[in-house]
Amino acid sequence: MDEKRLLEVKDLKVHFFTDDGVVKAVDGVSFHIDKGETLAVVGESGSGKSVTSLAIMRLIPNPPGRIVGGEMLFRGKDGQVKDLVKQDEASMRKIRGNDIAMIFQEPMTSLNPVYTVGDQIAEAIMLHQGKSRKEALELSAEMLDLVGIPEPRKRLSNYPHQMSGGMRQRVMIAMALSCNPSLLIADEPTTALDVTIQAQILELMYKLQEEIGMSILFITHNLGVVAEMADRVVVMYAGRAVEEADVTATFKRSKHPYTMGLLNSVPRLDLAAEHRQRLEAIPGNVPNPLHLPAGCAFHPRCKYFQEGRCNTDIPELQDTGGGHMVRCVRWAEIQSELEVKA
Amino acid sequence: MTRKIEARSQGALQSRSFFQEAWIRFRRHPLARLGGGVLLVLYLGALFADFLAPYPETKSFRDLTFSPPTPVHWRDENGRLTRPYVCAVERKRNLETFKLEFTQNCAQKYTIYFFVQGEPYRFLGFIPANLRLMGGEWLQNEQAHLFLWGTDDFGRDLWGRIWYGARVSLTIGIFATALALLIGVFMGSLSGFFAGKPLTLSIGLFNPAYREFVSRNPLPSLFKTLLWLALWGGLAWLVWVMLSGFWATTRGFEAVVFGVLGVGILLAIAYAVLFPLIKIDLDTIIMRTTEILAAIPDLFLLITLSVLIPQGIPPAMRFYLVVCILSFVNWGGLARVMRGQILQLREMEYAQAAQAMGASDSRVITRHILPGTFTFLIVSVTLAIPGFILAESGLSFIGLGIQEPASSWGLLLSKAQAQGITAFVDRPWLLIPGLFIFIAILSFNFMGDGLRDALDPRAKR
């Protein structure tokens, strides 16, 4: 594995074996994260973003879910490369929290209401660094200070219900960062917060990343957040990556019809009035994961659909140059079509 | 990016823990306070029963059976207030009505003294003491008697026996609840955690999965294998013992039938150990067991089990057996609700967050899930205790629970029933134990209600 790579996911497959059939929640996803980089995974609900993040942590509820294939090569703090798929539970526990940490969507429910926030941050530190409770609490106070909570020492003895949503998310971040992880997985960390707090939390994460130098895997459906935070973007649809590019290419030169659709469905205020158009929503819904359409899973909703080409074989992920990957058989034609229009 | 992004200062709050808040809410609940106060008095009375009672628990006066409460006089013949005193009481049969009549003979006044030396006893079972609340020389010399609430069919002081009985009646509820809680919480948690996650019981020595299993981590797997082999071997041995027993005692057709059946079971065990992977759903097993228990009428089960207690064992032993029976009959309900709680809590995000932090399963369970059930448990325990008290009273009432000469409220109440309807008319004091049962149950329910309101996590803060 390349020296600067932190995590390399290859052909990851996570299937859920339900009574109604096999749900291929993640079906052959590959991506990589470099050291210090922020990768955003974007997609609608049900596209498999959260399952991907849980798979990296090996927290897929089993049964019914299972990682059925693929590799996840991860460079630990000690510099050794391990395949996360093959680790047993005990060594996974050492990685969780210590090498890879996670922030969840709901700050309201991801803190345990029966413990003080100090206890909860200290727990992680005691678990992984073998520190005494006193030292751990000392470190917790430093962490709270780092995430910008005023009077951290007093706050240690607060219970979660005494804090606001934004503060709780800060506590979650402090908890996640308390063991200096090399990868932080943030699963829609700002979705449950109001906009001003969202901005604060994002800014905080950005700042902390610069200070600590960790990588972030950012799971979101908010394209505004992606533009703000990400270095590279993976767009997922129905369990597959459909486009992967760096952030400017994603926003300026997206090549997959689904990504274009996503971008068009975001209201824009930055365009002059005469350039503004009606919002274009992507018609239809995410397909039923039990019965994915044949061929490209997006074809029933795609305006560039062509009978016989799109609905026969699953398209390959093609490199269109400069690491910009697209999973669409017609990307070149669509590209020239758009150029002609412009 | 040098600006410090601080959260809004909300003024550091005075931290009050959940239980401190709950205590404040509990104190605002008038009925709960009342219930708690009454229970405190009752439990203190049970603790200091020796002090409250003028006579030892089993002291009986055969010639004074069913004596009515001794009148306590506050005024002398001239109507002036004096120290309280009692008169000697004699029992005579009225030769016209053939009824027993108790007549006072107030020629001699016996003053009641307080905090006196009485018959020696051992406080808490080991501290020798002889301080009693009421009495006097005359009481020990048996010149006169002090029966505040009359006597029972053996001429024993009811007031004292109610407090002695409180020890049994009030603690049996707690002990039985504790035991039922232990079983219920254990079973319910197992059931909740393993719901939808079948346990591997035997891995099958010749199963291809076994080789993979051993190769993953050899030592623990080998240990596990040995454990399961021992378990299954033990089962096979049991079947074999039964089988050979049948073989020895029966002849002819049955022997053949049981032989075939037994060999079939042995072969099935051998097959199970060698080839397939056996998985069992602990949840299903435990929950179906509770359902079977719930399907048998409680009283019937209680009576059946109580009949199994051998006669003539010491009262303390009997007490523990009754506790065991009560909790065995009742753990199912607790296990079910516990399972529901666990199922709900294990899906909470903080349980997942703890896992993502690297906490092990057992750590998640003990540190993050079980504490969440405490408030619920406290409430359900408070509400379960009166049920056990009632069950004990019921058992003792029909003569299957606590037995003479020990005392319990249900047993005392059964004296009223044993003498038929006349108890209501002629000897109403025998119903006093029933009043105590009633008050204790009501207090527990009031307190449980208050606790439920106080500990409700959704309550407004």
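This table checks each residue for (1) touching a helix residue (DSSP H, G or I) at 6+ places or on another chain (Cβ under 7 Å); (2) within 30 Å of residue B:385 (Cα to Cα).
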position	(1), (2)
B:221	yes, no
B:227	no, no
B:241	no, no
B:244	no, no
B:256	no, no
B:286	yes, yes
B:293	yes, yes
B:296	no, yes
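Any chance region B:348-356 includes a residue that's touching a residue at least 24 places away in the same chain (Cβ under 8 Å) and either touching a Leu at 6+ places or on another chain (Cβ under 7 Å) or surrounded by fewer than 19 Cβ atoms within 10 Å (Cβ to Cβ) (or both)?
yes
Exactly one condition in (1) of a type in the set (Lys, Arg); (2) at pLDDT below 80; (3) under 37 Å from the mean Cα position of the chain (by Cα) is not met by residue B:167; state its number.
(2)
For region A:90-108, give me each residue that is surrounded by fewer than 17 Cβ atoms within 10 Å (Cβ to Cβ) and either among the aromatic types (Phe, Trp, Tyr) or facing chain B (nearest Cβ under 8 Å) (or both).
A:94
For residue B:271, all conditions in the list (1) open to solvent by 50 Å² or more (accessible area, probe 1.4 Å); (2) of a type in the set (Ser, Thr, Tyr); (3) assigned by TED's automatic domain parsing to the domain that holds residue B:399 hold save one; what is the number of the exception?
(3)
Among the residues of region B:251-282, what is the count of those that are within 30 Å of residue B:188 (Cα to Cα) and not in a loop (DSSP other than H, G, I, E, B)?
The qualifying residues number 7.
Return only the number of the condition from (1) closer than 30 Å to residue A:121 by Cα; (2) at pLDDT below 80; (3) not in a helix (DSSP H, G or I) that residue B:375 does not satisfy.
Evaluating residue B:375 over (1) closer than 30 Å to residue A:121 by Cα; (2) at pLDDT below 80; (3) not in a helix (DSSP H, G or I) leaves (3) as the failure.
Kindly check whether there is at least one residue in region B:396-405 that is part of a helix (DSSP H, G or I) and out of contact with any Cys (no Cβ under 9 Å at 6 or more places or on another chain). Full working, then the answer.
Taking region B:396-405 as the starting set, the residues that turn out to be part of a helix (DSSP H, G or I) are B:396-397.
In the following step, the residues that additionally are out of contact with any Cys (no Cβ under 9 Å at 6 or more places or on another chain) were identified as B:396-397.
Yes, region B:396-405 contains a residue that is part of a helix (DSSP H, G or I) and out of contact with any Cys (no Cβ under 9 Å at 6 or more places or on another chain).
I'd like to check something: does region A:11-32 contain any residue that is under 30 Å from residue A:123 (Cα atoms), out of contact with any Phe, Trp or Tyr (no Cβ under 7 Å at 6 or more places or on another chain), open to solvent by less than 60 Å² (accessible area, probe 1.4 Å) and in contact (Cβ under 8 Å) with a residue 60 or more places away in the chain?
No.
Taking residue B:414, is it surrounded by 22 or more Cβ atoms within 10 Å (Cβ to Cβ), of a type in the set (S, T, N, Q) and in contact (Cβ under 8 Å) with a residue 12 or more places away in the chain?
Answer is no for this residue.
Might you let me know whether region B:173-190 holds any residue that is closer than 30 Å to residue B:134 by Cβ, open to solvent by less than 50 Å² (accessible area, probe 1.4 Å) and part of a helix (DSSP H, G or I)?
Yes: region B:173-190 contains one or more residues that are closer than 30 Å to residue B:134 by Cβ, open to solvent by less than 50 Å² (accessible area, probe 1.4 Å) and part of a helix (DSSP H, G or I).
Filter region A:84-128 for residues that are part of a strand (DSSP E or B) and touching a Leu at 6+ places or on another chain (Cβ under 6 Å); which is nearest to residue A:68 (Cα to Cα)?
The qualifying residue nearest to residue A:68 (Cα to Cα) is A:100.
Among what's in region A:111-127 and is within 13 Å of residue A:139 (Cα to Cα) and open to solvent by less than 10 Å² (accessible area, probe 1.4 Å), pick the residue that is nearest to the other protein chains (Cβ to nearest Cβ).
A:124
For the subset of region B:194-237 comprising residues that are outside any helix (DSSP H, G or I) and of a type in the set (Ser, Thr, Tyr), which member is modelled with the lowest pLDDT?
B:202
Go through region A:71-89 and give me each residue that's among the charged types (D, E, K, R), open to solvent by 40 Å² or more (accessible area, probe 1.4 Å) and more than 7 Å from chain B (Cβ to nearest Cβ).
Within region A:71-89, A:71, A:77, A:78, A:82, A:86, A:89 qualify.
Inspect all residues belonging to region B:168-179 and state whether any of them is in the same structural domain as residue B:334 (by TED's automatic domain parsing) and over 30 Å from residue B:339 (Cβ atoms). Spell out the reasoning first.
Our first condition is that a residue be in the same structural domain as residue B:334 (by TED's automatic domain parsing); within region B:168-179, this holds for B:168-179.
If we keep only those that are over 30 Å from residue B:339 (Cβ atoms) too, we end up with B:168-169.
Among the residues of region B:168-179, at least one is in the same structural domain as residue B:334 (by TED's automatic domain parsing) and over 30 Å from residue B:339 (Cβ atoms), which makes the answer yes.
Could you list all residues from region B:117-133 that are of a type in the set (S, T, N, Q) and either open to solvent by 100 Å² or more (accessible area, probe 1.4 Å) or at pLDDT 80 or above (or both)? First the steps, then the outcome.
Restricting attention to region B:117-133, the residues satisfying the condition of being of a type in the set (S, T, N, Q) are B:117, B:130.
Of everything in region B:117-133, just one residue is of a type in the set (S, T, N, Q) and either open to solvent by 100 Å² or more (accessible area, probe 1.4 Å) or at pLDDT 80 or above (or both), namely B:117.
Give the residues of region B:142-160 that are outside any loop (DSSP other than H, G, I, E, B) and over 13 Å from residue B:61 (Cβ atoms), sorted by residue number.
Within region B:142-160, B:159 is the sole residue that qualifies.
Among the candidates A:168, A:268, A:232, A:253, single out the residue that is open to solvent by 10 Å² or more (accessible area, probe 1.4 Å) and in contact with an Asp or Glu (Cβ under 8 Å, 6 or more places away or on another chain).
Selected residue: A:232, the only one of A:168, A:268, A:232, A:253 that is open to solvent by 10 Å² or more (accessible area, probe 1.4 Å) and in contact with an Asp or Glu (Cβ under 8 Å, 6 or more places away or on another chain).
Determine whether residue A:56 is modelled with pLDDT of 85 or more, among the β-branched types (Val, Ile, Thr) and not in a loop (DSSP other than H, G, I, E, B).
yes
Out of the residues in region B:357-372 that are in a helix (DSSP H, G or I) and crowded, with 22+ Cβ neighbours inside 10 Å, which is nearest to the other protein chains (Cβ to nearest Cβ)?
B:368
Condition test on residue A:28, is it among the small types (Gly, Ala, Ser), out of contact with any Pro (no Cβ under 9 Å at 6 or more places or on another chain) and more than 24 Å from residue A:103 (Cβ to Cβ)?
Yes: the conditions hold for residue A:28.
May I ask you to say which residue of A:140, A:182, A:178, A:215 is open to solvent by 10 Å² or more (accessible area, probe 1.4 Å) and either of a type outside the set (A, V, I, L, M, F, W, C) or more than 30 Å from residue A:256 (Cα to Cα) (or both)?
A:182
Would it be correct to say that residue B:393 is more than 9 Å from chain A (Cβ to nearest Cβ), open to solvent by less than 40 Å² (accessible area, probe 1.4 Å) and either out of contact with any His (no Cβ under 7 Å at 6 or more places or on another chain) or not in a loop (DSSP other than H, G, I, E, B) (or both)?
Judged against the criteria, residue B:393 is a match.
Between B:457, B:386, B:405, which is away from chain A (no Cβ under 14 Å) and at pLDDT below 80? Before you say what the answer is, go through the steps one by one.
Details: B:457 fails: away from chain A (no Cβ under 14 Å); B:386 fails: at pLDDT below 80.
Result of the check over B:457, B:386, B:405: B:405.
For region A:145-165, name all the residues that are facing another protein chain (nearest Cβ under 8 Å) and open to solvent by 20 Å² or more (accessible area, probe 1.4 Å).
A:150, A:151, A:154, A:157, A:159, A:161, A:162, A:164
Identify, from the list A:3, A:71, the residue that is part of a loop (DSSP other than H, G, I, E, B) and not hydroxyl-bearing (Ser, Thr, Tyr). Give the derivation first.
Numbers: A:71 fails: part of a loop (DSSP other than H, G, I, E, B).
The unique qualifying residue is A:3.
The values are calculated or read from the model by the stated rules, or taken from the named source; none is laboratory data. These numbers were taken from a predicted model, which means no experiment stands behind them. Note that each Cβ is placed from the backbone with ideal geometry, even for glycine, and that neighbours are counted across all protein chains shown. Remember, those area values only see protein heavy atoms, side chains included, never the ligands or the DNA or RNA. Shrake-Rupley method; radii C 1.70, N 1.55, O 1.52, S 1.80 Å.
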